[in-house]
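First the structure, in the form of structure tokens, and then the observations on it.
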Amino acid sequence: MSLQRKHFDLLVALAGAKESLSQRDLEKITEYSLGTINKVYRELVTDGYVDSGKITEKGLEALDPYRAKKAVFIAAGFGSRMVPITLNTPKPLVRVHGKRIIDTLLDACLAAGIEEIYIVRGYLGEQFDQLLYKYPMIHLLENPMFNEANNISSAMVARNLLSNSYVFEADLLLSNPKIITKYHYTSDFLAIPKDRTDDWCFEVKDGVIREEKVGGENCWQMVGISYWNKEDGEKLSTDLAAVYNGPGGKERYWEQVPLVYKKQNYKVEVRACQEDDIVEIDTFRELCAIDKAYDV
């Protein structure tokens, strides 16, 4: 049985608590009014989802369809703007302050209980084998088209794995692992609210992404981390193939499928994060600025 949004939000708050929560506590966490909390809480108790301020096993079962169960990493690209460091090392494996970039994302997945992890590799692909020593649970997938097509080719390799799944650009340096969350009510894309940006961004209305574009004002700057629920993941399997095999399809970015070319099939929400939560290191100069060990 599907949950209403308010019931979902309260159950998620209770699932993340180590101790029982009062209705006042839930008011602070969810920002719903106390009257709304009181009503929804009583309904959850009646349904057997909550008891004495704690979520029950039945409540956890009700949340399970909304749980992130997989993670797919797009990691096949060359990283040309990071030359010379990427001449010998794939960008996700570059170390920043001694830690590989991709490790910050993998560790956050494991902390959120996501252990079914797939990495789509291409350029210097054999180097990703080193990850298996620390992360023996990961599955490595091959993208033979990485040098001939855009990142939609990597999504094609994993197109049947996108239900209840995160999709990560594998070259993002994560500093706040808590933005990788266990439960999602619907499909969503992480983004940073901006007064102005020259980067890829979203126009958003009522919390839903209406347009993807480059540059804008009073918009949301895209972060390359998204989540896809069961239904949307299944649609992506078909829609990715349709766009990829269509005119100019190999030149597309994978997220343009649900956000541009087949956007009528999806209702993707924006999920807010902050500048300090995550960094995309685009150039070698930016890498040197973050980690002085490279500035020699």
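The values are calculated or read from the model by the stated rules, or taken from the named source; none is laboratory data. Predicted model only: the values in this text are computed from it and were never measured. Glycine also receives a Cβ, built like all others from the backbone with ideal geometry; neighbour counts cover every protein chain displayed.
Odds and ends about this structure:
- Answer residue from segment 68-77, given it is part of a loop (DSSP other than H, G, I, E, B) and in contact with a Lys or Arg (Cβ under 8 Å, 6 or more places away or on another chain) and is modelled with the lowest pLDDT among those: G77
- Boolean, E57 is surrounded by 13 or more Cβ atoms within 10 Å (Cβ to Cβ) and not β-branched (V, I, T): no
- A count restricted to segment 82-121 and to residues that are part of a loop (DSSP other than H, G, I, E, B) and either closer than 26 Å to A293 by Cα or in contact with a Ser or Thr (Cβ under 7 Å, 6 or more places away or on another chain) (or both) stands at 9.
- Looking across L93, L44, L21, one residue alone is crowded, with 17+ Cβ neighbours inside 10 Å, modelled with pLDDT under 95 and in contact with a helix residue (DSSP H, G or I) (Cβ under 7 Å, 6 or more places away or on another chain). It is L21.
- Residues being farther than 22 Å from A155 by Cβ and either touching a helix residue (DSSP H, G or I) at 6+ places or on another chain (Cβ under 8 Å) or in a loop (DSSP other than H, G, I, E, B) (or both) - total across segment 122-139: 3
- Extreme residue, surrounded by the fewest Cβ atoms within 10 Å (Cβ to Cβ), among residues of segment 253-272 that are in a loop (DSSP other than H, G, I, E, B) and either in contact with a His (Cβ under 6 Å, 6 or more places away or on another chain) or not hydrophobic (A, V, I, L, M, F, W, C) (or both): K267
- Members of segment 238-252 that are in a loop (DSSP other than H, G, I, E, B) and buried (at least 17 other Cβ atoms within 10 Å of the Cβ): R252
- K235 surrounded by 16 or more Cβ atoms within 10 Å (Cβ to Cβ) and at pLDDT 95 or above: yes
- A residue that is within 17 Å of the chain's Cα centre (by Cα) and either within 22 Å of S163 (Cβ to Cβ) or assigned to a loop (DSSP other than H, G, I, E, B) (or both) can be found somewhere in segment 273-282.
- Some residue of segment 164-176 being touching a Phe, Trp or Tyr at 6+ places or on another chain (Cβ under 7 Å) and not in a strand (DSSP E or B): yes
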